[in-house]
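Peer 1: Mind looking over this structure? Questions follow.
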Amino acid sequence: MTHIEPLPEPSTDPAELQAALEALAATDRLLVALDFDGTLAPTVDRPEDARAVPAAREAIQRLVALDDTWVAYVSGRALDSLIHVSEPDDKILLIGSHGVEVRLDDPDAEASLSPEESARAAEVERLLDQIAAVYDNVWVERKPAGFALHTRRAADDVALEAGKRALAELSLPGVTIRDGKDVLEFSVRSATKGDGIEELRRYTGATAALYAGDDVTDEDAFAVLHAGDLPLKSGDGATIAPFRVGGPDEVAATLAALATAREAAIRAR
């Protein structure tokens, strides 16, 4: 039997996190990349109602105002949905649909599907619509390169059964499946939040980055971070991130502390 070593428990020591933030703040070109739901915004039953906590918005405004500092939202949401809930400043970079959609300096950028991807998407949509029609409070969200089956509003047994059926029927060639919090994602174009982080690093020329996220899909972003970067887990769950905070309020406080340290580091140059 193969022995699997458990992941080390992330630090929750505020002093250790503060020291890491101060070291990060001294870098030449800083990227602050942030998941949205569960990280900047509390999780809600209606995804369209999600909003970042005010303290997070205030800290982000401080960061985007600084020289050689970039802020990006990296989300599983489609870009249109991400823009609706985050109401981003023009300076904020956006990664949507788990890295499929990218808005850096082109507000009209779209994810256009090939004929083969379009055919797979049509089949995925047909099967998911059939499943959602059977189970109460299970619904399908349409994205540019895939679909999400949401079960947050469903009873536990219904959510479990719907998820099992979706996994059984949609394990299809060319379809990438991601298991998130009360949601299953089915994409006809393979991309991850890690791909999004690497694109952001290339675009900004960042010499160090912070990434904060709360979901299983954020582990892909943590995995591509470099030595000297700061991975931060928001909330519960297994993670490879070395630091953990309780949730959006604590993420907001962390961003405020980073803004203060970054302001001081820039003054000292």
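Peer 1: Taking Cα atoms, how many degrees apart are the long axis of helix 54-64 and the longest axis of the chain, rounded to 10 and kept between 0 and 90?
Peer 2: 60
Peer 1: Pick out, from Pro88, Pro8, Ala166, the residue whose Cα sits farthest towards the positive end of the charge dipole of the chain, with +1 on the Cβ of Lys and Arg and -1 on the Cβ of Asp and Glu.
Peer 2: The listed residue farthest towards the positive side: Pro88.
Peer 1: Continuing with the same structure: With a 1.4 Å probe and all protein chains left in place, how much of the accessible area of the chain comes from carbon and sulfur atoms, in whole percent? List each step's numbers first, then the result.
Peer 2: On the way: 6450 of 12590 Å².
The value for the chain is 51 percent carbon and sulfur by accessible area.
Peer 1: A further question follows. How tilted is helix 248-267 with respect to the longest principal axis of the chain? Cα atoms for both, answer in degrees (0 to 90, nearest 10).
Peer 2: Taking the Cα atoms of the chain, the angle to 248-267 is about 40 degrees.
Peer 1: While we're here: So which of Lys91/Lys233; Lys143/Lys181; Lys91/Lys181; Lys143/Lys233 end up more than 23 Å apart by C-alpha? The partial results should precede the final answer.
Peer 2: Details: Lys91/Lys233 25 Å; Lys143/Lys181 17 Å; Lys91/Lys181 29 Å; Lys143/Lys233 26 Å.
In this structure, Lys91/Lys233; Lys91/Lys181; Lys143/Lys233 lie more than 23 Å apart at Cα.
Peer 1: Specify the angular offset, from 0 to 90 degrees and rounded to the nearest 10, of the alpha carbon long axis of helix 14-25 from the longest principal axis of the alpha carbons in the chain.
Peer 2: Rounded to the nearest ten degrees, it is 80.
Peer 1: Further question: Could you calculate the FRET efficiency of Asn137 with Thr176 from 1/(1 + (r/R0)^6), where r is the beta carbon distance between them and R0 is 30 Å, rounded to 0.05?
Peer 2: Details: r = 25 Å, r/R0 = 0.84.
Working from the Cβ atoms, E equals 0.75.
Peer 1: Mind putting a number on the dipole of the range 56-201 about its Cα centre? Charges go on the C-beta only, +1 for Lys and Arg and -1 for Asp and Glu, and I need it in Debye to the nearest 20.
Peer 2: Values: 18 positive and 29 negative charges, 79 e Å.
The calculation lands at about 380 debye.
Peer 1: Right, here's the next one. Step by step: find N for the range 52-171, compute 2.2 N^0.38 Å, then divide the Cα radius of gyration by it. What's the final number? Numbers along the way, then the final one.
Peer 2: Numbers: Rg = 17.6 Å, N = 120, 2.2 N^0.38 = 13.6 Å.
Taking the Cα Rg and dividing by 2.2 N^0.38 Å, one obtains 1.30.
Peer 1: Write down the Kirkwood hydrodynamic radius of the range 188-269, to one decimal in angstroms, obtained as one divided by the mean of 1/r over all alpha carbon pairs.
Peer 2: Details: mean 1/r = 0.0727 Å⁻¹.
Every distinct Cα pair counted, the radius reaches 13.8 Å.
Peer 1: Hey, got a sec? Which GluC sites (Glu not before Pro) in the range 110-198 land in a DSSP loop and have at most 15 other Cβ atoms within 10 Å?
Peer 2: Values: sites: Glu110, Glu116, Glu117, Glu123, Glu125, Glu141, Glu161, Glu169, Glu185, Glu198; in loops: Glu110.
Answer by residue number: Glu110.
Peer 1: State in Å² the accessible area per residue of the chain; use a 1.4 Å probe, count heavy atoms of protein chains only, and round to the nearest integer. Please list the in-between numbers first.
Peer 2: Numbers: 12590 Å² over 269 residues.
So the chain comes to 47 Å² accessible per residue, rounded to a whole number.
Peer 1: Next up: If you build the convex hull over the alpha carbons only and average its shadow over all orientations, what do you get for the chain? Give it in nm² to one decimal. All intermediate terms of the calculation are to be shown ahead of the outcome.
Peer 2: On the way: hull surface 61.1 nm².
Over all viewing directions, the chain projects a mean Cα-hull area of 15.3 nm².
Peer 1: Using r as the Cβ-Cβ distance of Val158 and Thr260, and R0 as 45 Å, what FRET efficiency do you calculate, to the nearest 0.05? Numbers along the way, then the final one.
Peer 2: Working: r = 46 Å, r/R0 = 1.03.
It comes to 0.45.
The values are calculated or read from the model by the stated rules, or taken from the named source; none is laboratory data. Quantities reported herein were computed from a predicted structural model and do not represent experimental measurements. Every residue, glycine as well, gets a Cβ built from its backbone with ideal geometry; the counts of neighbours run over all protein chains shown. Heavy atoms of the whole protein, side chains included, go into the accessibility calculation; ligands, DNA and RNA do not. Shrake-Rupley method; radii C 1.70, N 1.55, O 1.52, S 1.80 Å.
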